[in-house]
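**Q** Take a look at the following structure, please.
The numbers here are math on the coordinates, done by the rules we state, and not lab data. Predicted, not measured: the structure shown is a model, and the values here were computed from it. Please note: Cβ atoms are built from the backbone with ideal geometry, for glycine as well, and neighbour counts cover all protein chains shown.
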């Protein structure tokens with residue numbers, strides 16, 4: 001993490017087809033709380049200081065900016081593939 005810790009929680013509903021939205025954001029102590037909750041709930045934590053700084057400017061409840069679409073899409077695709085592979089492995 002950068003000198004000033006920042007954490008952003010994103011949500012995405014593929015059925016709606018909208019862009020991902022910022023669900024929570026915070027610096028310092030709040031950032032650590034967001035990460036602790038994500039970790040406890042088994043939610044993937046992706047660390048990218050540059051992306052976090054861009055997304056930290058988005059108000060909670062708003063869609064991410066178009067400039068972040070490509071990178072966030074790559075992260076989500078990776079997570080979906082990983083989740084699917086894990087489910088297939090468990091079901092065998």
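**Q** By how many degrees, 0 to 90 and rounded to 10, does the Cα axis of helix 29-40 deviate from the longest principal axis of the chain?
**A** Approximately 10 degrees, to the nearest ten.
**Q** Further, regarding this structure: How many nm separate the modelled label positions at residue 29 and residue 53, each set 7 Å beyond the Cα in the direction of the Cβ?
**A** Here the modelled spin labels are 2.6 nm apart.
**Q** Between residue 62 and residue 18, how many nm apart are label points set 7 Å from Cα along the C-beta direction?
**A** Each label point lies 7 Å from its Cα, and together they span 1.4 nm.
**Q** What do you get for the angle between helix 69-91 and the principal long axis of the chain? Use alpha-carbon atoms, 0 to 90 degrees, nearest ten.
**A** Computed tilt is about 40 degrees.
**Q** Cut-off 10 angstrom, C-alpha nodes, Gaussian network model of the chain. Which of 37, 64, 54 fluctuates the most?
**A** Ranking 37, 64, 54 by mean-square fluctuation puts 37 first.
**Q** Let me ask something additional. Which of 31, 77, 56 moves the most in a Gaussian network model of the chain with Cα springs under 10 Å?
**A** The residue with the greatest mean-square fluctuation here is 77.
**Q** Kindly put 92, 87 in sequence by how many other C-beta atoms sit within 10 Å of each C-beta, fewest to most.
**A** Sorted ascending by nearby Cβ count, the order is 92, 87.
**Q** Here's another thing I want to ask about it. Remind me, relative contact order of the range 1-78 in percent, using alpha carbon pairs under 8 angstrom and six or more residues apart?
**A** 33
**Q** How big is D, in µm² s⁻¹, for the chain by Stokes-Einstein at 10 °C and 1.306 mPa s if Rh is the Kirkwood radius over C-alpha pairs?
**A** In µm²/s, the coefficient rounds to 113.
**Q** While we're looking at this one, here's another question. If you project the alpha carbons of the range 52-92 onto the principal axes, what extent comes out on each, in Å, largest first?
**A** Largest to smallest, the principal-axis extents are 43, 18, 14 Å.
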